[in-house]
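Everything on this sheet refers to the single structure shown next.
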Amino acid sequence: MGRLIVISNRVSVPSAAGAAGAQGGLAVALNSALREHGGIWFGWSGQETAEFTGHLDMQRNEDITTATIDLEPQDIDEYYNGYANRTLWPLFHYRIDLTEYDRNFSEGYERVNERFAHSVFPLIEADDLVWVHDYHLLPLGSILRGKGVKNRIGLFLHTPWPPTRLLASLPFHERLVASMLEYDVIGFQTTEWLESFLHYVQKEMGLAVNLDNSIDYKGRRVIARAFPIGIDFAEFTQAAAGEEAQEACQRLKASVRGRKILIGVDRLDYSKGLGERFESFSRFLADHPDMAGRAVLLQIAPPSRGDVASYQQIREDLERKTGHINGAHADFDFVPIRYVNRGYPRSQLAGFYRAAEVGLVTPLRDGMNLVAKEYIAAQDPENPGVLILSQFAGAAIQLKEALLVNPHSVEHVAETIKRALDMPLDERKRRHQRLLASVRDEDVFHWLHQFVGALANDERGHDVAPA
Ligand code: ADP
C-alpha cells in the first residue's frame, strides 16, 4: 500500500512535548496513521498572506511530514468564514434560517479548493492514498481528477448530511454533489447521513444505488458508507486515571460541597443546543423545589468562529440566559449554572467528567459528538454517572443505553435529569458496561482501519498500530 496524503482545512501536528493529551483523538489517529504509512498531512497554515503564492511550508516533526499554505484575507473571509461556516455548516446542521447564500462565498470556496489542489498536486505520487476531510473541501477530489490524479481518493464528512429538501435550497447544489461523485469512497458518520446522501443521489440526480451502496457515475464506481468515528479510548481512560485528572475531579467535587454535578462540554456553537439545555436545567430546578441548591450545572464552552455573526449572537444569548437563570435560582452560597468560556487540558477535562453524576450532551444536530464518548470513557465503572444524550447526535445510534432525549423539549430533558439523578447503582452500572464496550471497541483506530481499508479497496481492513 502507498503512502497516505491527508488533506484537511487545518493541520494538527504533535507538539514538541509529544503531548497527545493536548490534541483531539482525530489528530492523534491521523498522526499515527501517517507515521505507519508514511505520507504527508496537507492543509492551511492558519496564516494570512497578502498574495497567494502556493508556497509550501514543509516541516518534519516527530516523524510526521506536514505541508501547509497561507491564504489571502479574502480567501479566509469567503471560503472559511463564508461558504464553510456561514453556508455549509448551518445548512448541514438543518439551520437554513442561519444559512447565508452569497455568490462571493461560493466563488471563494471554489477558488480556495483550486488553490489546495494546485499546491498538493505535486506532492502526490503514484500509489498514494489521498484522504480528504470535511465540508471545507467537498469539491477537492474532482479538481484533482481534473489535473489527472488517478489515485484512490476518499472523503470523510465529519458533519451531518442534510435532507434533500434542505440541500435543494443551496444554489448549485447539483454541481457540488456531482463533484463529490469523483471520489472512490465517501464516508459519513452514521447511516442516517448516508441515507440522506443516497436519497439525494437517487431523487435529484436520477442515479441508481447498488445493493452495496455504491454508485456508478461516468464510468467510475464510488462507494458510500458509514464509518462512525470514535475517541482514542486507551489514551482517554489513561488520562482519566492519572494524577492530574484525579486532582481536577477532587477540586471540582470539593467546590460544590456535596451537591450533584451535571456537566456539559461543547464548543460554543448554536448546533449544540446550549440555550435549550440551560432552560431544561432551569425547568428541572423549578419543578423540583427539593433539589433547590442541590445540583449544579458546569457548562464548559470555549468560544469558536468568533468572526461569524451567528456565533457572536449565540454567545450574547447564552450570557443573558445564564444571568437570568442564575438570578432566579441562586442563593447567597449557591449559583446553579457555572458557565465557563475557556478550554482545559484533556486530563483535567477527564477529571471533570468523572466528577459529574450526569453528562448532558444535548445538541440539536451533531455529526457524531465525541464528548458523549469521552464522558463514558472517563467514568468510574464501580460508580458511573449517567449520560443524557440527544437523539439528534450521530452518537445516539451507537450509544443506545444512554438516556436519549429530544433536546427541543425542555420538559422531557428536565424529567430526564431527575431520572438520571435518581437512577439506582445497578442500573447505572448495567448501562455503563454496554456503553463502555461500544466506546472501547469502536474507537478512533477502528474507524481509521475501516476507512483506510475501504480506500485501499481491501474490505477486510488492515492494521495500523496505535501510536
Ligand atoms: P465538535 O467537533 O463539533 O466540536 P465533538 O464533541 O465531536 O464536537 O468534539 C469536541 C472535542 O473538543 C472533544 O474532544 C472535546 O473534548 C473537545 N473540547 C470541547 N470543549 C473543550 C474544552 N473546553 N476544553 C478542551 N477540550 C474541549
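The values are calculated or read from the model by the stated rules, or taken from the named source; none is laboratory data. Quick caveat, the model's predicted, so the values are computed rather than measured. Cβ atoms come from the backbone with ideal geometry, glycine included; neighbour counts cover every protein chain shown.
Within region 72-83, take every residue that is surrounded by fewer than 23 Cβ atoms within 10 Å (Cβ to Cβ) and not β-branched (Val, Ile, Thr) and give me the one that is nearest to residue 59 (Cα to Cα).
72
Where residues in region 378-406 are more than 11 Å from the ligand (Cβ to nearest atom) and among the small types (Gly, Ala, Ser), which of them is surrounded by the fewest Cβ atoms within 10 Å (Cβ to Cβ)?
Selected residue: 396.
Under the condition of being among the acidic types (Asp, Glu) and within 16 Å of the ligand (Cβ to nearest atom), which residue from region 253-297 is farthest from residue 341 (Cα to Cα)?
Checked region 253-297; the qualifying residue farthest from residue 341 (Cα to Cα) is 269.
Scan region 362-371 for residues that are closer than 24 Å to residue 321 by Cα and either charged (D, E, K, R) or more than 6 Å from the ligand (Cβ to nearest atom) (or both) and jot them down.
362, 363, 364, 365, 366
Conditions first: (1) more than 9 Å from the ligand (Cβ to nearest atom); (2) surrounded by fewer than 17 Cβ atoms within 10 Å (Cβ to Cβ). Residue 341 passes all but one, so which condition is the exception?
(1)
What pairs can you find where one residue is in region 204-232 and closer than 24 Å to residue 171 by Cβ, the other is within 16 Å of the ligand (Cβ to nearest atom) and aliphatic (A, V, I, L, M), and their Cβ atoms are less than 8 Å apart, with a gap of 6+ or different chains?
Short answer, once both residue conditions are applied: none.
For the subset of region 321-338 comprising residues that are charged (D, E, K, R) and more than 25 Å from residue 304 (Cβ to Cβ), which member is surrounded by the most Cβ atoms within 10 Å (Cβ to Cβ)?
331
Given the condition closer than 30 Å to residue 362 by Cβ and modelled with pLDDT of 95 or more, answer yes or no: does some residue in region 52-60 qualify?
Taking every residue of region 52-60 in turn, none turns out to be closer than 30 Å to residue 362 by Cβ and modelled with pLDDT of 95 or more.
Yes or no: region 229-250 includes at least one residue that is part of a helix (DSSP H, G or I), closer than 30 Å to residue 339 by Cβ, touching a Pro at 6+ places or on another chain (Cβ under 8 Å) and within 16 Å of the ligand (Cβ to nearest atom).
Within region 229-250, one or more residues are part of a helix (DSSP H, G or I), closer than 30 Å to residue 339 by Cβ, touching a Pro at 6+ places or on another chain (Cβ under 8 Å) and within 16 Å of the ligand (Cβ to nearest atom).
I'm told residue 38 meets every condition in (1) farther than 22 Å from residue 121 by Cα; (2) modelled with pLDDT of 85 or more except one. Can you identify the failing condition by its number?
Going through (1) farther than 22 Å from residue 121 by Cα; (2) modelled with pLDDT of 85 or more one by one, residue 38 breaks only (1).
Which of the residues spanning region 323-338 are over 15 Å from residue 302 (Cα atoms) and within 16 Å of the ligand (Cβ to nearest atom)?
The one that is over 15 Å from residue 302 (Cα atoms) and within 16 Å of the ligand (Cβ to nearest atom): 337.
Of the conditions (1) in a helix (DSSP H, G or I); (2) loosely packed, with under 14 Cβ neighbours inside 10 Å; (3) touching a residue at least 24 places away in the same chain (Cβ under 8 Å), residue 169 satisfies every one except a single condition; which number is it?
Every listed condition holds for residue 169 apart from (1).
Hey, can you tell me all the residues within region 344-361 that are under 18 Å from the mean Cα position of the chain (by Cα) and away from the ligand (no atom under 12 Å from the Cβ)?
360 - this is the single residue of region 344-361 that is under 18 Å from the mean Cα position of the chain (by Cα) and away from the ligand (no atom under 12 Å from the Cβ).
Kindly list, by first and then second residue, each pair from a residue in region 235-248 that is over 18 Å from residue 26 (Cβ atoms) to a residue that is in a helix (DSSP H, G or I) and not polar (S, T, N, Q), limited to pairs with Cβ atoms under 6 Å and residues at least 6 apart or on different chains.
Note: pairs meeting the criteria are 240/350; 240/354; 240/378; 245/239; 245/350; 245/351; 248/351; 248/352.
How many residues does region 298-313 hold that are within 16 Å of the ligand (Cβ to nearest atom) and in a helix (DSSP H, G or I)?
2
So which residues in region 322-341 are at pLDDT 95 or above, part of a loop (DSSP other than H, G, I, E, B) and either of a type outside the set (A, V, I, L, M, F, W, C) or within 19 Å of the chain's Cα centre (by Cα) (or both)?
336, 341, listed by residue number.
Of the conditions (1) at pLDDT 95 or above; (2) within 15 Å of the ligand (Cβ to nearest atom); (3) closer than 22 Å to residue 269 by Cα, residue 316 clears all except one; give me its number.
The single condition residue 316 does not satisfy is (2).
Only one residue in 19, 29, 84 is within 23 Å of the chain's Cα centre (by Cα), under 30 Å from residue 270 (Cβ atoms) and at pLDDT below 95. Which one?
Working: 19 fails: under 30 Å from residue 270 (Cβ atoms); 84 fails: at pLDDT below 95.
Of 19, 29, 84, the one residue that is within 23 Å of the chain's Cα centre (by Cα), under 30 Å from residue 270 (Cβ atoms) and at pLDDT below 95 is 29.
Residues that are assigned to a loop (DSSP other than H, G, I, E, B) and either at pLDDT 95 or above or buried (at least 21 other Cβ atoms within 10 Å of the Cβ) (or both): does region 274-287 have at least one?
Checked region 274-287: no residue is assigned to a loop (DSSP other than H, G, I, E, B) and either at pLDDT 95 or above or buried (at least 21 other Cβ atoms within 10 Å of the Cβ) (or both).
Quick check on my filter: what residues within region 183-194 are more than 19 Å from residue 370 (Cα to Cα), of a type outside the set (Phe, Trp, Tyr) and crowded, with 22+ Cβ neighbours inside 10 Å?
185, 186
Filter region 288-320 down to the residues that are charged (D, E, K, R) and surrounded by 14 or more Cβ atoms within 10 Å (Cβ to Cβ), then identify the one that is farthest from residue 253 (Cα to Cα).
305
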